[in-house]
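Values in this text are rule-based calculations from the coordinates and carry no lab data. Bear in mind that the values here come from a model prediction, so they are computed numbers and not experimental data. Quick reminder, even Gly has a Cβ in these numbers, built from the backbone with ideal geometry, and neighbours come from all protein chains shown.
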Amino acid sequence: MLSILDIFRVGIGPSSSHTVGPIRIGVRFMARLVREGCMADVARITARLEGSLALTGVGHATPRAVAYGLLGFAPETIDARAAEAALADLHANKAFDVAGHVIAFDPETDIIFDYETLSDIHPNGMELTAYGKTGAVISRQMYYSTGGGFIASRRQLLTPLPDDIVPTTVTVPYEFGSAAELLEICAAQNMTIAQVVYANEDAARPRAVTDAALDNIVAVMMACIERGLETPGVLPGGLNVNRRAPKLWNKLNNAPPSNERESLFDWLNLYAMAVNEENAAGGQVVTAPTNGAAGIIPAIIKHYCSRVDGNIIPEKARIFLLTAGGIGLLYKQRASISGAEMGCQGEVGVACSMAAGGLAAVWNGTTQQVESAAEIGMEHNLGLTCDPVGGLVQIPCIERNAIGASKAVNAARLALHSDDVMRVSLDQVIETMRQTGLDMSTKYKETSQGGLAVNVVAC
């Protein structure tokens, strides 16, 4: 059992797989060199990127992320100004200092984009190599960024344990590996999904610590929305995409009050785009469950878990995140949340499913209705491709989050209008997503080799 705090990670844009993951890989590799006692012998480091990390790495700011990780910055606590200053020094000196020991690393030449090697395990491969003064290899490690900021070494992925379950140090009271098992636990214990997830989190830490972490996640999400509403301009990367959220924000604020039901879409669009425009600019976001799909859940929380004055109702937001996080765990454990494996159905599709289930719980839906909402949210995102224009997390990603937020609300509404058990279960739709991802052509899975990425001129 993973923790939902693994699903909701604070990091920086524009991609959890291509930015947050590589930063964490760099930090882990440097820690390994220290642990093995060979740091003093290291004279140079290189990084080789495979698959999607190579094909869309430039647009997803992967080179910057690799450097940040080697320089010791963590995605959760990174200081943007300090990181940019350290990166500028690295480019100027083509080396960095570790406790007085200088290691050569030129981001222009020592980050190698391997467009030819096809990984046999996961399409987001990253190999780090440390060399001694004579050029001999001191340490070489292969890692994979598996979606949502999760990372794993090659050894971890090649040596699965019995039943393909990786044990954790925490024993939870309610272990579940499927939606069916989760529903059975809820029925047997007379608990909601949020209560089951809460109980599991309690096994890892005091309830007050979990609440503080959940409240911080919401605070980071809302701060991201606010920055997105206030920051005009053109997004970086060369596509010349204008930020739209500030203009729409001013338009909605200055317009007379509207009773049109369609105005709901305007507000959901606004909040979701504000987050994803910040993400595209490299700002601080929360993986929900990924950066590319980071706008859907904050948009729903902002609109449906707030008081009239705009302040968040903590109890509602916690129920939402606990429920959505429990659903996210099922996708992570039973399939994947990586766009390079599943296409955008594994990112926006999963976020839509999580948001739909979370909103149904906030609306006091039954456990069965929550499961149905999550199922509907994914069923109508099956086959969604990941084809970012120019390798940037901008087109169609920003608008796709806006559409995903509206679909999540509609899925929750449909579920709450019925007490019947749906013909399609959440487990069945998760397995269908997994099979669809396996069958999907690689060019539609975060490689910018198909779809809009080749039919729209990037510059």
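Restrict the search to the range 218-264; then list the trypsin sites (Lys or Arg not before Pro) that DSSP places in a loop and that have at most 12 other Cβ atoms within 10 Å of their Cβ. Don't skip to the end; give the middle numbers.
Details: sites: 227, 243, 244, 247, 251, 261; in loops: 243, 244, 261.
Loop-located and lightly packed - 261.
Is the shape of the range 72-125 rounded, prolate or oblate, going by the alpha carbon gyration tensor and its root eigenvalues a ≥ b ≥ c, with a/c under 1.5 for rounded and a/b larger than b/c for prolate? Could you put the intermediate results ahead of the total?
Details: a/c = 2.33, a/b = 1.59, b/c = 1.47.
Prolate.
Residue separation times 0.36 nm, minus the C-alpha to C-alpha distance between residue 189 and residue 420: what's the value?
Values: separation 231, 0.36 × 231 = 83.16 nm, distance 2.12 nm.
Between residue 189 and residue 420, full extension yields an extra 81.0 nm.
Once the Cα atoms of helix 21-35 and of the chain are each reduced to a long axis, what angle between those two axes, in degrees from 0 to 90 to the nearest 10, is obtained?
Once rounded, one gets 50 degrees.
Divide the volume of the convex hull of the Cα atoms of the range 9-158 by its number of residues and quote the answer in cubic angstrom per residue.
110
Helix 263-280: angle to the longest alpha-carbon principal axis of the chain, degrees 0 to 90, nearest 10?
So the inclination is approximately 10 degrees.
Quick one: order 12, 185, 112 by neighbouring beta-carbon count within 10 Å, fewest to most. Write down the numbers at each step before the final one.
Values: 12 27, 185 19, 112 13.
Least to most surrounded, the residues fall as 112, 185, 12.
Take the alpha carbon gyration tensor of the range 14-64, find the square roots of its eigenvalues, order them as a ≥ b ≥ c, and report rounded if a/c is under 1.5; if not, report prolate when a/b exceeds b/c, else oblate. Walk me through the numbers on the way to the answer.
Values: a/c = 3.24, a/b = 2.15, b/c = 1.50.
Prolate, because a/c is 1.5 or more and a/b exceeds b/c.
Return the label of the correct value of Cα extents along the principal axes in Å, as calculated from the structure shown, out of (1) 78, 61, 45; (2) 70, 55, 43; (3) 67, 65, 44.
Here the calculated entry is (2).
For the range 295-309, just list the computed ³J(HN,Hα) in residue order, Karplus coefficients 6.51, -1.76 and 1.60, θ = phi - 60°, integers in Hz, with x standing in for Gly and Pro.
x, 5, 5, x, 4, 5, 4, 4, 7, 10, 10, 10, 7, 4, 7
Please say if the range 284-428 is rounded, prolate or oblate, where rounded means a/c under 1.5 for a ≥ b ≥ c the square roots of the C-alpha gyration tensor eigenvalues, and otherwise the choice is prolate for a/b larger than b/c and oblate otherwise?
Values: a/c = 1.84, a/b = 1.20, b/c = 1.53.
Judged from the Cα gyration tensor, the range 284-428 comes out oblate (a/c at least 1.5, b/c at or above a/b).
Can you give me the long-range amide H partners of residue 105? Hydrogens built in the peptide plane at 1.01 Å from N, cutoff under 5 Å, separation of 5 or more residues or another chain.
Correct list: 95, 96.
Can you give me the three principal axis dimensions of the range 293-357 from its C-alpha atoms, in Å, biggest first?
41, 18, 12
Let me see the P(r) profile for the range 149-297: every Cα-Cα distance counted, bins of 5 Å, each bin given as a percent of all pairs.
Per 5 Å bin, starting at zero, the Cα-Cα P(r) for the range 149-297 comes out as 2, 8, 12, 12, 14, 13, 12, 10, 9, 5, 2, 1, 0 percent.
Using only the Cα atoms of the range 330-392, what do you get for the radius of gyration and for Dmax, in Å?
12.9, 43
Residue 146's amide H: which non-local residues (gap 5+, or another chain) put their own amide H closer than 5 Å, with H modeled 1.01 Å from N in plane and none for Pro or chain starts?
Close amide H contacts, sequence-distant or interchain: 151, 152.
Any of 302/443; 247/302; 302/445; 316/407 with alpha carbons more than 25 Å apart? Name them for me.
302/443; 302/445
Just need the relative contact order of the range 9-158 here, percent rounded to a whole number, with Cα pairs under 8 Å and 6+ apart. Could you put the intermediate results ahead of the total?
Values: 276 pairs, mean separation 54.0, N = 150.
Value for the range 9-158: 36 percent.
Test of the criteria: in the range 289-349, which trypsin sites (Lys or Arg not before Pro) are in a DSSP loop and have at most 12 other Cβ atoms within 10 angstrom of their Cβ? The partial results should precede the final answer.
Numbers: sites: 302, 307, 316, 318, 332, 334; in loops: 307.
Loop-located and lightly packed - 307.
How high is the relative contact order of the chain, given as a whole-number percent (alpha carbon pairs under 8 Å, six or more residues apart)?
Numbers: 909 pairs, mean separation 84.5, N = 459.
Computed value for the chain: 18 percent relative contact order.
Using a 10 Å cut-off around each Cβ, can you sort 338, 15 from fewest to most neighbouring Cβ atoms? Intermediate results must be reported in sequence, preceding the final value.
Numbers: 338 30, 15 39.
Least to most surrounded, the residues fall as 338, 15.
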